[in-house]
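The values are calculated or read from the model by the stated rules, or taken from the named source; none is laboratory data. Everything numeric here is computed off the predicted structure, so don't read it as measured data. Positions of Cβ are backbone-derived with ideal geometry, glycine not excepted, and every protein chain shown enters the neighbour counts.
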Amino acid sequence: MSSVIISPSILSADFANLERDILSVKDGGAKWLHIDVMDGHFVPNITIGVPVVKSLRAVTDLVLDVHLMIENPEKYVEPFVKAGADLLTVHYEATGKNTQKVIDLIKSYGIMAGLSIKPKTKPEEIEKFISIADLILVMTVEPGFGGQKFMQDCADKLPYIKQRQADGQYLQVDGGINDVTGKYCVKKGANNLVAGNYIFNSDDIKGRIDSLTF
């Protein structure tokens with residue numbers, strides 16, 4: 001059985017039929033569901049918020065992997081926890097000197113805490129948090145929109161992070177993931193892949209998910 005966790009991104013799902021699409025990825029073997037929250041400030045796009053996460057929690061038992069691409073994420077930790085998030089990932093570029101406090105805040109609610117870095121951020125900048133966060137998310141596209149091309153140089157950050165993680169921690173990659181780029185990331189140390197268009201823009205969702213379980 002593969003040790004790679006697939007977290008389909010609903011950014012590429014049909015928003016008029018989210019429950020249907022979530023059931024499809026669960027039937028296809030997914031254990032997690034990636035939910036991109038964007039505020040139009042930290043990234044140049046606006047997506048979904050607390051009410052949608054709450055609605056999704058009511059219709060699925062998948063792990064809700066909530067990626068906060070927002071400014072001042074600490075203000076929204078409690079609302080997203082109450083909505084049903086199992087994991088909250090914040091951006092180092094948004095938390096800065098408060099990163100430790102935000103990670104501690106998330107963990108204080110008994111859920112997993114993730115920390116993400118954008119393509120231009122070097123992994124050395126988050127070194128002291130690598131062993132503390134439950135998950136490190138390396139973005140292999142500029143966050144904000146789905147369907148972008150995979151940036152291989154970003155995936156080359158993975159070994160540095162993997163070497164500093166403990167057993168049981170997740171190393172996630174998001175951006176342009178398919179059967180080719182996903183394999184490259186897993187070889188570099190990733191054990192958690194986010195994929196949107198590759199999974200949802202297919203008539204064979206199970207086949208696409210299976211193709212990522214290296």
Checking the structure you have, find out if any residue of the stretch 27-40 is surrounded by fewer than 16 Cβ atoms within 10 Å (Cβ to Cβ) and at pLDDT below 95. yes
Of (1) in contact (Cβ under 8 Å) with a residue 40 or more places away in the chain; (2) farther than 15 Å from residue 68 by Cβ; (3) of a type in the set (Ser, Thr, Tyr), residue 108 satisfies all except one. Which? (1)
Mind counting the residues in the stretch 192-214 that are polar (S, T, N, Q) and either buried (at least 20 other Cβ atoms within 10 Å of the Cβ) or outside any loop (DSSP other than H, G, I, E, B) (or both)? 2
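Please verify whether residue 175 is closer than 20 Å to residue 90 by Cβ, out of contact with any Pro (no Cβ under 6 Å at 6 or more places or on another chain) and surrounded by 19 or more Cβ atoms within 10 Å (Cβ to Cβ), treating the condition exactly as stated.
Values: closer than 20 Å to residue 90 by Cβ: yes; out of contact with any Pro (no Cβ under 6 Å at 6 or more places or on another chain): yes; surrounded by 19 or more Cβ atoms within 10 Å (Cβ to Cβ): yes.
Yes, satisfied.
Quick check on residue 191: is it under 19 Å from residue 31 (Cα atoms) and in contact (Cβ under 8 Å) with a residue 40 or more places away in the chain? Full working, then the answer.
Working: under 19 Å from residue 31 (Cα atoms): yes; in contact (Cβ under 8 Å) with a residue 40 or more places away in the chain: yes.
Yes: the conditions hold for residue 191.
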Among the numbered conditions (1) more than 15 Å from the chain's Cα centre (by Cα); (2) more than 21 Å from residue 136 (Cα to Cα); (3) in contact (Cβ under 8 Å) with a residue 60 or more places away in the chain, tell me where residue 212 comes up short. (2)
Residue set 63, 50, 4; condition within 18 Å of the chain's Cα centre (by Cα), at pLDDT 95 or above and more than 19 Å from residue 80 (Cα to Cα); output residue 4
Just one of the numbered conditions (1) in contact with a Gly (Cβ under 8 Å, 6 or more places away or on another chain); (2) surrounded by fewer than 20 Cβ atoms within 10 Å (Cβ to Cβ) is not true of residue 11; which one? (2)
Checked the stretch 11-36 for anything in contact (Cβ under 8 Å) with a residue 60 or more places away in the chain and either touching a Phe, Trp or Tyr at 6+ places or on another chain (Cβ under 7 Å) or of a type in the set (A, V, I, L, M) (or both); matches are 11, 12, 13, 21, 25, 30
Any chance the stretch 184-196 includes a residue that's within 23 Å of residue 95 (Cβ to Cβ), touching a Ser or Thr at 6+ places or on another chain (Cβ under 9 Å) and not β-branched (Val, Ile, Thr)? yes
